[in-house]
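Asker: The structure's right below; bear with me while I get my questions together.
Read-outs: derived from the displayed coordinates by stated rules, not from any lab. Please read these numbers as outputs of a predicted model, since none were measured by experiment. For neighbour counting, all protein chains shown are included, and Cβ atoms are generated from backbone atoms with ideal geometry for every residue, glycine included.
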Amino acid sequence: MRSGPKHKPFSELSRAQRYVRERQGEGAQLKRGMPECPATLDAAAQGHWERIALQLTNTLTPIDGPALAILCSLLADFERAGTAQERVALTRVIQPLARQFGMMPLARGVKPTDPIDPDDDESHLKIV
């Protein structure tokens, strides 16, 4: 059962909405599967790849590989950054990309104000 607003019939859409719907079609049908770690990543970036890819096993598709490689390289660069200024600059690039992979609590729908119950082992996993 669908929740949320009903889709308007095509005839009732504005010209811009019809244009978007015609181009989107049914959406891209991507096959699930783990992208291969590029050999061009250094050892630190490959370590990030293994850790992140393991956590995202059920959501990654092969087309996600290049973006994940960029994220892993940036994380490795962040660890090697010598100054706070370099870290801040890298953080500004890393955070939006990390959000796209659901690596920030708000990107996963976790409220930052939810208290953590010390007796509940899964309280940190509550989703809004």
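Asker: Over the Cα atoms, compute the radius of gyration (one decimal) and Dmax (the largest Cα-Cα distance, rounded to a whole number) for the stretch 22-106, in Å.
Answerer: Just the Cα atoms of the stretch 22-106 yield Rg and Dmax of 14.5, 49 Å.
Asker: Could you compute the net charge surrounding PRO62? Neighbours are other residues with a C-beta less than 14 Å from the C-beta of PRO62; K and R count +1, D and E count -1.
Answerer: Values: positive: LYS31, ARG32; negative: GLU36, ASP64.
Result for the local shell: 0.
Asker: Give me the net charge for the shell around ARG80: Cβ to Cβ below 14 angstrom, other residues only, Lys and Arg +1, Asp and Glu -1.
Answerer: Counting the neighbours of ARG80, the net charge comes to -3.
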